[in-house]
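What follows is a single structure, written as structure tokens, with notes after it.
The values are calculated or read from the model by the stated rules, or taken from the named source; none is laboratory data. These numbers were taken from a predicted model, which means no experiment stands behind them. Neighbour counts run over all protein chains shown; Cβ positions are idealised from the backbone, glycine included. Ligands, DNA and RNA are excluded from the accessible area calculation, which covers all protein heavy atoms including side chains. Shrake-Rupley method; radii C 1.70, N 1.55, O 1.52, S 1.80 Å.
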Amino acid sequence: NPLIKKRVETANRLERTKISCRQRQKQLIDLRAVVDNVPAELERLKKHHAITSLDVELYNASKEVVPQEERIAFGEELIDAIRDNHMQNTERLFDIYQGFDVFLPANMNSEKPHIYIRSFNGGAYYLEMETDKPLGCAMRIDHLLEHLPDRVLSFEEQMARAEKQRKEALADIERGNTYQDEVEELEINLADIDRQLAETEEKSA
């Protein structure tokens with residue numbers, strides 16, 4: 001009976017389409033989560049963008065040429081302070097450098113020496129340090145501050161990507177789940193085939 005072959009093919013296609021339908025439904029849920037999460041992410045990025053932009057202005061207004069001997073002395077003192085900072089319970093202000101506060105972090109493991117560069121604008125920047133190069137301490141801080149404009153640009157790019165992602169997700173959600181209609185059509189077809197098979201069996205009987 002060709003109806004039996006048609007039923008097998010239709011049932012197999014229906015099962016495959018149901019799987020695709022479930023996958024698309026999950027994708028739609030994920031896309032909705034993206035759309036829902038983007039506003040908070042944009043707010044976070046805008047906040048950091050604003051703070052970092054202010055820190056760029058602060059650095060441009062505060063930076064000055066520091067003689068090498070002073071930079072070396074600064075580095076030697078900072079290295080000593082970092083070595084003494086192993087697992088201290090509280091964060092401590094070490095010094096002010098180029099208009100920014102240099103903090104020794106709380107609970108610092110000596111195997112991962114680092115500091116925080118902070119500003120009164122609310123900026124906070126993690127910076128790993130080497131404890132065997134005094135001049136390198138100032139150079140690392142200088143490098144971080146000199147590249148603050150790059151961070152501003154990075155936040156702008158991240159905001160643009162987030163907004164693009166939101167728009168693309170909304171457009172994809174708008175397309176809906178096209179597999180749902182196909183599932184319903186195949187279920188109707190399968191029910192019709194089963195009805196025809198039942199009628200054939202009755203006639204045979």
From phi via Karplus (6.51, -1.76, 1.60), per-residue ³J(HN,Hα) for segment 126-136 in Hz, x at Gly/Pro: 6, 9, 6, 10, 9, 9, 10, 9, x, 5, x
Spatial extent of segment 1-133: Rg and Dmax, with the Cα atoms as the point set, Å: 28.7, 97
Cα-based equivalent ellipsoid, segment 70-205: semi-axes from gyration tensor eigenvalues, Å: 68, 20, 11
Relative contact order [Cα under 8 Å, 6+ residues apart], the chain, whole percent: 32
Prolate/oblate/rounded label for segment 160-205 (Cα gyration tensor, a/c 1.5): prolate
The chain, accessible surface, carbon-and-sulfur percent (1.4 angstrom probe): 50
Length released on extending from residue 20 to residue 185, taking residue separation times 0.36 nm less the Cα-Cα span: 57.9 nm
Net lengthening on full extension, residue 70/residue 46 (0.36 nm per residue, minus Cα-Cα): 5.0 nm
Loop-located GluC sites (Glu not before Pro) in segment 4-48, at most 12 other Cβ atoms within 10 Å (DSSP): none
Gain on full stretching of the segment that runs from residue 112 to residue 200 - 0.36 nm per residue minus C-alpha separation: 23.7 nm
Max mean-square fluctuation residue, GNM over the chain, Cα-Cα springs under 10 Å, options 146, 174, 156: 174
Crossing angle, helix 2-62 versus the chain [Cα axis fit, 0-90 degrees, rounded to tens]: 20
Mean accessible surface per residue for segment 89-205, computed with a 1.4 Å probe while every protein chain stays in place, in Å²: 62
Distribution of pairwise C-alpha distances over segment 82-135, 10 Å bins, in %: 25, 57, 18, 0
Inter-label distance for residue 63 and residue 170, nm, one decimal - labels placed 7 Å from Cα along Cα-to-Cβ: 3.9
Charge-dipole axis of segment 31-161 as Lys and Arg at +1 and Asp and Glu at -1 on Cβ define it, positive-most pick from 82, 143, 50: 50
